[in-house]
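Visitor: Sharing a structure with you now.
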Amino acid sequence: MPVVPRMAPEWIAEEAGSSDIARKVERNRQYATTLGWGAHLPALRRALNRKRTAWDEAALVSEAAKWQARTGLAADGLVGPATWSLLRVAAGLGKDPAVSVQLPDSGPGFHSTGRADHRFGRAETVRALQAVAAAWQRAHPRGPRIGIGDISLRGGGPIPGHGSHRLGLDVDIRPLRDDGREAPVLRGHPGYSQELTQELVDRLRANGVLRVHFILFNDPGVRGVQRWKNHDNHLHVRFAPPTGAPASQAAAPAISVPGRQNAGRTAARPTAVGSTALGTLTTLAPGPAGPAPPYRFSPEDLLWTARFVIGESGGRDDLETHAVLHAMFNRYALLTRHRYGTFEAFLRACSTPLQRVLRDWRAARRHMHRADYVRTGDTYEAPAPPGIPRGQLRAFHRLQQLPWDRLPDAARTVAFRALTGAVPNPVGNATEFGSTWQYFRDRYRRSPNLEEWRQYTEALAQRKGWSWIGPVPGIDQTKNAFFTDRRLAGLPRGAVRVLPP
Ligand SMILES: [Zn+2]
């Protein structure tokens with residue numbers, strides 16, 4: 001087990017506000033020139049949101065952020081090099097040579113149901129599908145095989161009959177039948193197998209090659225999917241774009257099944273992640289971002305929550321961890337649900353140890369001279385001082401790749417209990433936390449006394465538009481202080497709940 005250093009969450013310093021929007025508008029203005037997309041604004045806007053008619057630069061930031069969230073990118077609203085390289089293809093302004101691998105007519109465990117010229121994907125997409133199908137064949141040697149339909153055109157871009165499927169990352173797959181036939185079927189209709197379809201969803205999500213961003217399908221009895229109109233007769237699988245890192249780093253680790261040890265406690269611990277029923281995140285009252293439908297946690301959420309617990313609070317099953325997890329539930333349910341399709345995407349964007357590349361240049365500056373700082377290429381842009389290399393600590397890259405069965409027991413247990421509604425909430429509607437003790441030290445080069453720490457914490461809350469929640473018995477907030485966003489002042493305490501499965 002690698003030793004994972006403790007690091008304060010840094011997103012406390014990168015909250016979006018109006019000055020943040022102004023800064024992003026300015027950055028996009030520069031990108032429009034340097035990357036050249038300023039000359040293609042109408043096509044770019046259509047690709048972001050073809051229904052929107054009123055556009056200005058701030059709208060472009062918010063629509064770009066939504067598009068990035070849907071696509072599986074960090075949702076910062078900046079149309080920079082990584083976003084533009086995909087967006088230009090989605091907009092039909094150019095082809096992507098990476099979308100050039102054709103799924104064969106058939107192979108172990110699958111047959112193709114669509115047109116051959118609609119069957120091009122990225123190498124990782126096709127490999128992920130073939131891996132799932134091969135495992136399916138081993139589990140179901142007598143069939144039925146998986147029926148895989150449209151992916152993308154060669155090179156990607158707009159494709160007849162679909163709003164998406166433009167980047168070699170979307171795949172339509174038939175639900176499975178219970179009569180052994182390889183034919184179309186609608187969920188809930190005679191011949192439809194909820195059990196086999198659930199197994200397919202679990203296998204897709206744990207494929208070990210490419211991270212699944214979301215799956216659309218309308219059977220409310222299937223876990224790990226979201227409802228979407230016109231998805232009764234197929235599952236729409238969206239993979240997240242490969243990160244461009246070596247395959248071992250881009251791949252989501254397969255979720256394996258830890259053995260049943262310590263039988264007396266297994267009730268509180270997942271033994272088979274892919275098929276474990278998890279809870280549902282609900283809100284009693286809508287947050288400032290509007291009402292959010294209930295959100296069912298997925299096995300992928302469970303895996304990343306366990307990693308999160310290790311990175312953010314040392315992996316212990318204690319009150320501080322409970323507090324941190326509830327703050328994340330609150331923040332996701334009440335404030336950022338519209339920006340991130342899944343809870344794990346939210347964790348990976350917002351939690352410093354889970355970021356592939358540190359988002360905050362201040363964190364990078366603190367670590368850039370360490371031997372275990374991995375440079376990922378390029379430097380941070382203004383307002384960062386020039387010359388700070390982008391990167392992340394090696395220990396955190398390792399943490400991001402640790403498979404479920406190698407995570408410490410305490411972290412797995414607390415993650416599972418939290419995602420099944422078994423962990424009480426000690427922090428009310430708190431949505432933010434930060435190591436204000438450490439921030440004070442960074443700023444003044446000495447430790448504060450308790451009164452100085454309290455004043456510093458209150459002042460920071462004031463600046464950020466938050467309220468410090470005050471002392472909580474059993475939680476030492478000099479490690480992490482907890483705050484409630486003031487926009488939530490009118491909500492009843494405990495507005496967010498995790499309902500047990
Ligand atoms: Zn589709």
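Laboratory data are not the source of any read-out in this text; all were calculated from the coordinates shown. All values derive from a computational prediction rather than experimental measurement. All Cβ positions, even for glycine, are placed from backbone atoms using ideal geometry, and neighbour counts span all protein chains on display.
Visitor: Which trypsin sites (Lys or Arg not before Pro) in the stretch 438-501 pass both tests, a DSSP loop state and at most 13 other beta-carbon atoms within 10 Å?
Guide: On the way: sites: R441, R443, R445, R446, R454, R463, K464, K479, R486, R487, R493, R497; in loops: R445, R446, K479, R493.
Filter output for the stretch 438-501: R445, R446, R493.
Visitor: Rank these for me by crowding, E124, E57, going from fewest to most other beta carbons within 10 Å.
Guide: Working: E124 23, E57 14.
Taking fewest neighbouring Cβ atoms as first place, the list is E57, E124.
Visitor: Quick one, can you get me the convex hull of the C-alpha atoms of the stretch 99-247 expressed as volume per residue in Å³?
Guide: 100 Å³
Visitor: Let me ask something else about it. Based on the mean of other beta carbon atoms within 10 Å per residue, what is the order of 407-416, 19-28, most packed first?
Guide: Values: 407-416: 21.8, 19-28: 15.7.
Answer by packing, highest mean first, reads 407-416, 19-28.
Visitor: Find out how many positive minus negative residues lie around G279, taking Lys and Arg as positive, Asp and Glu as negative, among other residues whose Cβ is under 14 Å from that of G279. Spell out each step's value before the answer.
Guide: Numbers: positive: R223, R296, R417, R497; negative: D301.
Surrounding charge for G279 is +3.
Visitor: Report, in debye and to the nearest 20, how large the dipole of the stretch 365-437 comes out about its Cα centre when Lys and Arg carry +1 and Asp and Glu carry -1 on their Cβ. Present the calculation step by step, with values, prior to reporting the outcome.
Guide: On the way: 10 positive and 6 negative charges, 47 e Å.
Once rounded to the nearest 20, the dipole reads 220 debye.
Visitor: Dipole size in debye (nearest 20) for the chain around its Cα centre, Lys and Arg Cβ +1, Asp and Glu Cβ -1? All intermediate terms of the calculation are to be shown ahead of the outcome.
Guide: On the way: 69 positive and 44 negative charges, 86 e Å.
Approximately 420 debye in magnitude.
Visitor: 7 Å from Cα along Cα→Cβ at both E26 and R50: what's the point-to-point distance in nm?
Guide: 3.6 nm
Visitor: As a test of the formula, what do you get for the chain when each DSSP H run with n ≥ 4 contributes -39,500 (n - 2.57) and the sum is divided by the residue count, at 222 nm and rounded to the nearest 500 deg cm²/dmol?
Guide: Working: 15 runs with 169 residues, N = 501.
Result for the chain, helices only: -10500 deg cm²/dmol.
Visitor: Another question about this same structure. List the lysines whose alpha-carbon lies under 21 Å from that of K24, not counting same-chain residues fewer than 8 positions away?
Guide: Within the straight-line cut-off, K24 pairs with K66, K464.
Visitor: Can you tell me which aspartates and glutamates have their Cα less than 12 Å from the Cα of K51? Leave out same-chain residues fewer than eight positions away.
Guide: The reachable aspartates and glutamates, counting only those whose Cα sits under 12 Å from K51, are E63.
Visitor: While we're looking at this one, here's another question. From the phi of every residue in the stretch 333-345, what ³J(HN,Hα) in whole Hz does the Karplus formula 6.51 cos²θ - 1.76 cosθ + 1.60 yield, where θ is phi - 60° and glycine or proline is x?
Guide: 5, 9, 10, 10, 4, 6, 8, 10, x, 9, 5, 5, 4
Visitor: Still on this structure, I have one more. For the stretch 99-247, build the charge dipole from Cβ charges (+1 Lys, Arg; -1 Asp, Glu) around the Cα centre, then report which of I215, H236, G168 sits farthest towards its positive end.
Guide: G168
Visitor: Mind listing the phi-derived Karplus ³J(HN,Hα) values for the stretch 459-474, rounded to whole Hz, using 6.51, -1.76 and 1.60 with θ = phi - 60°, and x for any glycine or proline?
Guide: In residue order, the calculated couplings are 5, 5, 4, 4, 4, 8, x, 10, 10, 5, 7, x, x, 10, x, x Hz.
Visitor: Further, regarding this structure: Give me the net charge of V496's neighbourhood, meaning all other residues with Cβ under 11 Å from the Cβ of V496; Lys, Arg count +1, Asp, Glu -1. Don't skip to the answer; put the middle values down first.
Guide: Numbers: positive: R331, R337, R493, R497; negative: none.
So the environment of V496 carries a net charge of +4.
Visitor: Now for a separate question. Starting from 0 in steps of 20 Å, tell me what percent of the Cα-Cα pairs of the chain lands in each bin.
Guide: 22, 57, 21, 1
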